[in-house]
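One structure below.
The values are calculated or read from the model by the stated rules, or taken from the named source; none is laboratory data. Remember, it's a predicted structure, so these values are computed and weren't measured experimentally. All Cβ positions, glycine included, derive from the backbone under ideal geometry; neighbour counts span all protein chains shown.
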Amino acid sequence: MAETPRPPRNETSVPIHDALAGRWSPRGFDPEYVVAEGDLTALGEAARWAPSASNLQPSHFIVGARGTGTFEKVYATLVDFNKAWTPRASLLIVAVAELEREGKQLRWAEYDLGQAVAHLSVEAESRGLNVRQMGGFDVAALRAAFDLPPELEPVSIVAVGKYTDADDLPEGIRERDAAPRTRRSLEELAIILDA
Ligand SMILES: Cc1cc2nc3c(=O)[nH]c(=O)nc-3n(C[C@H](O)[C@H](O)[C@H](O)COP(=O)(O)O)c2cc1C
């Protein structure tokens with residue numbers, strides 16, 4: 001089967017790394033696609049080698065592959081809108097921050113976790129996979145489903161799979177994926193450009 005053509009890359013004023021220039025977050029996934037074991041391991045390695053404050057590595061991941069009980073448990077906690085498109089994802093990964101260790105607060109735990117997920121998503125892009133992160137889920141339900149202790153905070157759910165714009169996508173998903181993607185300008189990004 002021919003590869004679904006990718007939409008245009010992110011517009012940048014100067015060239016940046018292919019995996020960053022090409023990264024985007026579709027909701028349209030190929031429901032047959034299975035992430036190869038080697039790719040899954042590489043996503044884990046990318047997250048593992050992310051920097052973290054004092055190298056405390058407070059990031060943890062619950063990984064559910066489509067068709068497994070873990071996937072179903074994660075899926076059940078999503079808000080309805082996210083439930084509409086995630087059944088076709090290959091993986092649902094819960095990103096969990098360890099907020100406290102041995103009675104000490106890990107102040108940058110969520111920051112570190114975000115970096116780990118960013119590394120994972122760039123590695124995914126470089127392997128022809130796609131990632132969409134989600135904040136739309138019931139934290140209490142997820143906590144209960146996996147019996148997470150209070151110091152482990154589920155922060156986001158990461159859908160991983162292979163993009164498709166196939167005709168049988170749930171209503172509106174193709175259109176949303178095809179919608180223009182925008183960013184604030186570089187000037188707006190900089191708080192202080194020159195002293
Ligand atoms: C923390 C976080 C929470 C998000 N929550 C959702 C969500 O619940 N549902 C969804 O469809 N997309 C969600 N997104 C995806 C963003 O909307 C998306 O990354 C953003 O529009 C930029 O698009 P791009 O990733 O294609 O550049 C979330 C992204 C992040 C980083």
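If a residue has to be under 29 Å from Arg107 (Cα atoms) and in a helix (DSSP H, G or I) to count, how many in the stretch 143-185 make the cut?
Final tally of qualifying residues: 3.
List the residue pairs whose Cβ atoms are under 6 Å apart, where the first residue sits in the stretch 138-164 and is closer than 26 Å to Pro26 by Cβ and away from the ligand (no atom under 12 Å from the Cβ), the second is assigned to a loop (DSSP other than H, G, I, E, B) and among the acidic types (Asp, Glu), and the two are 6 or more positions apart or on different chains.
Lys162/Asp30; Thr164/Asp30
Starting from residues that are over 20 Å from the mean Cα position of the chain (by Cα) and not in a loop (DSSP other than H, G, I, E, B), keep the ones in the stretch 95-117 and report whichever is nearest to Leu152 (Cα to Cα).
So the residue we want is Glu100.
In the stretch 129-137, is there at least one residue being buried (at least 18 other Cβ atoms within 10 Å of the Cβ) and either away from the ligand (no atom under 16 Å from the Cβ) or in a helix (DSSP H, G or I) (or both)?
No, there is no match, as no residue in the stretch 129-137 is buried (at least 18 other Cβ atoms within 10 Å of the Cβ) and either away from the ligand (no atom under 16 Å from the Cβ) or in a helix (DSSP H, G or I) (or both).
Is it true that Val14 is at pLDDT 95 or above, surrounded by fewer than 16 Cβ atoms within 10 Å (Cβ to Cβ) and closer than 30 Å to Pro180 by Cα?
Here the answer is no, as Val14 does not meet what is asked.
Residue-by-condition table, conditions (1) modelled with pLDDT of 95 or more; (2) in a helix (DSSP H, G or I); (3) within 15 Å of the ligand (Cβ to nearest atom):
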position: Trp24; (1), (2), (3): yes, no, yes
position: Pro31; (1), (2), (3): yes, no, no
position: Glu45; (1), (2), (3): yes, yes, no
position: Pro51; (1), (2), (3): yes, no, no
position: Gly64; (1), (2), (3): yes, no, no
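In the stretch 176-192, how many are of a type in the set (Asp, Glu) and closer than 17 Å to Lys83 by Cα?
1
For residues that are part of a helix (DSSP H, G or I) and within 25 Å of Glu45 (Cβ to Cβ), tally how many sit in the stretch 74-94. Steps first, please.
Residues of the stretch 74-94 that are part of a helix (DSSP H, G or I), as a first pass: 74-75, 80-88.
Now restrict to residues that are within 25 Å of Glu45 (Cβ to Cβ): 74, 86.
Summing the residues that are part of a helix (DSSP H, G or I) and within 25 Å of Glu45 (Cβ to Cβ) in the stretch 74-94 gives 2.
Being among the charged types (D, E, K, R), within 16 Å of the ligand (Cβ to nearest atom) and surrounded by fewer than 19 Cβ atoms within 10 Å (Cβ to Cβ) is the requirement here; does Asp112 meet it?
Working: among the charged types (D, E, K, R): yes; within 16 Å of the ligand (Cβ to nearest atom): yes; surrounded by fewer than 19 Cβ atoms within 10 Å (Cβ to Cβ): no.
For Asp112, the condition - among the charged types (D, E, K, R), within 16 Å of the ligand (Cβ to nearest atom) and surrounded by fewer than 19 Cβ atoms within 10 Å (Cβ to Cβ) - is not met.
With respect to Val79, is the statement that it is within 16 Å of the ligand (Cβ to nearest atom), of a type in the set (Val, Ile, Thr) and over 21 Å from Gly172 (Cα atoms) true?
Spelling it out, it is not the case that Val79 is within 16 Å of the ligand (Cβ to nearest atom), of a type in the set (Val, Ile, Thr) and over 21 Å from Gly172 (Cα atoms).
Of Ala89, Ala84, which residue is among the hydrophobic types (A, V, I, L, M, F, W, C), within 14 Å of the ligand (Cβ to nearest atom) and either without any contact (Cβ under 8 Å) to a residue 24 or more places away in the chain or touching a strand residue (DSSP E or B) at 6+ places or on another chain (Cβ under 8 Å) (or both)? Walk me through it before giving the result.
Numbers: Ala84 fails: either without any contact (Cβ under 8 Å) to a residue 24 or more places away in the chain or touching a strand residue (DSSP E or B) at 6+ places or on another chain (Cβ under 8 Å) (or both).
Criteria check complete, one pass: Ala89.
Would you point out which residue out of Ala178, Ala159 is crowded, with 17+ Cβ neighbours inside 10 Å and not hydroxyl-bearing (Ser, Thr, Tyr)?
Numbers: Ala178 fails: crowded, with 17+ Cβ neighbours inside 10 Å.
One residue alone meets the criteria, Ala159.
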